[in-house]
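Below is one structure, written out as structure tokens, with a few remarks after it.
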Amino acid sequence: MNAAEVVNALLVQRFGVRAIDVADETPLRDLRIDSLALEELRVMIEDRLDVDLDDVTLTSRDTVGQLVAAVDRLVPA
């Protein structure tokens, strides 16, 4: 799975977001991902993709696309 697939799957399966609502330009806060949920999501992404997101600064104001891009930069090719 690539970063986008993992992020989208987690948003839908773990956070109850409707798949139709997940788009690159959608702010995480519009998906009801607050700071606590974002931290949970970060840990899940780290576990699934074996990456370290400690140096990545994200807030619920960032978009799904920004999250995916940040994760994608850390995933080995």
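Of note:
- Top-ranked residue of the stretch 41-59 - restricted to ones that are free of Cβ contacts under 8 Å to residues at least 12 places away in the same chain and within 11 Å of the chain's Cα centre (by Cα), ranked as surrounded by the most Cβ atoms within 10 Å (Cβ to Cβ): Glu46
- Members of the stretch 3-27 found to be touching a residue at least 12 places away in the same chain (Cβ under 8 Å) and either loosely packed, with under 12 Cβ neighbours inside 10 Å or over 15 Å from Leu67 (Cα atoms) (or both), listed by number: Arg14, Phe15, Val17, Glu25
- Residues that are among the charged types (D, E, K, R), in a helix (DSSP H, G or I) and under 12 Å from Thr63 (Cα atoms), drawn from the stretch 22-44: Arg29, Asp30
- Candidate set from the stretch 64-74 (those that are of a type outside the set (D, E, K, R) and surrounded by fewer than 18 Cβ atoms within 10 Å (Cβ to Cβ)); member that is modelled with the lowest pLDDT: Leu74
The values are calculated or read from the model by the stated rules, or taken from the named source; none is laboratory data. Since the structure is predicted, the reported quantities are computational estimates derived from the model, not experimental observations. Quick reminder, even Gly has a Cβ in these numbers, built from the backbone with ideal geometry, and neighbours come from all protein chains shown.
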